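These notes concern the structure reproduced below.
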Amino acid sequence: MLNLRPAVSSRFFCFATIHSSDDTIDIDYVVLYRFWCQLIFDTSLHHCIDSYLSEARRPHDVVTTTAAGCDVASNVKAHQASLHRLVFLVCLRSSTHHETSTNFIDGKIFGDILYENYIFDIPRLMDICVVYGHGSDAALVSKMIGNVFQQQPKYNGDLYAVVPTIEKVTVLISVAFHYRI
């Protein structure tokens, strides 16, 4: 179950409602230029995706029950699954520059758009890997991340800049955990 703050929750469901009708997701039917205009200029969409990725249940999270000890209602689970898939589809489409032979963005221009408009950054890419990089979506996530790095090499430098911090935090957690045992 998602552990959402009320403000974050309303953003998720507003986003899902706008792009979902009759229990079907119609994000794929938005034409290329409209999708990219929305993605580049709608800061609330960026906040929504970031909020979802940071709050979404990870595969290693423990699923809790409600206060009464009952499982979450099936309709809530269905909406969560739909929202989870919708955010994945937005991230997947955001990483794709060549949809069809007539709907595409030049690779170099695409890479510049991604980087200059903060469509992706290293924390967001890591969240995508953690939230979606397992199970049936693992191959798509691998391809998606690979395409982002291939189209915009500046992400390599960003990743190398983050690695020392990740190493330090990992050591601190390891030491703290070791002292607890």
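Here is the list for the stretch 81-167: GluC sites (Glu not before Pro) lying in DSSP coil, each with at most 15 other C-beta atoms within 10 angstrom of its C-beta, are 99.
Three principal axis extents describe the C-alpha atoms of the stretch 67-181; from largest down they are 55, 43, 24 Å. A Förster radius of 25 Å combined with the Cβ-Cβ distance from residue 31 to residue 163 puts the calculated FRET efficiency at roughly 0.05.
The alpha carbon radius of gyration of the stretch 68-125, expressed as a multiple of 2.2 N^0.38 Å, is 1.65.
Can you quote the Å³ per residue value for the convex hull of the Cα atoms in the stretch 129-172, rounded to an integer? Before the final figure, lay out each step's value.
Values: hull volume 3.1 nm³, N = 44.
Once divided by residue count, the hull of the stretch 129-172 is 71 Å³.
Per-residue 3J(HN,Hα) values for the stretch 165-172, derived from phi via the Karplus relation 6.51 cos²θ - 1.76 cosθ + 1.60 with θ = phi - 60°, read 5, 4, 4, 4, 5, 4, 5, 4 Hz in sequence order (x marks Gly and Pro).
Laboratory data are not the source of any read-out in this text; all were calculated from the coordinates shown. Predicted, not measured: the structure shown is a model, and the values here were computed from it. For neighbour counting, all protein chains shown are included, and Cβ atoms are generated from backbone atoms with ideal geometry for every residue, glycine included.
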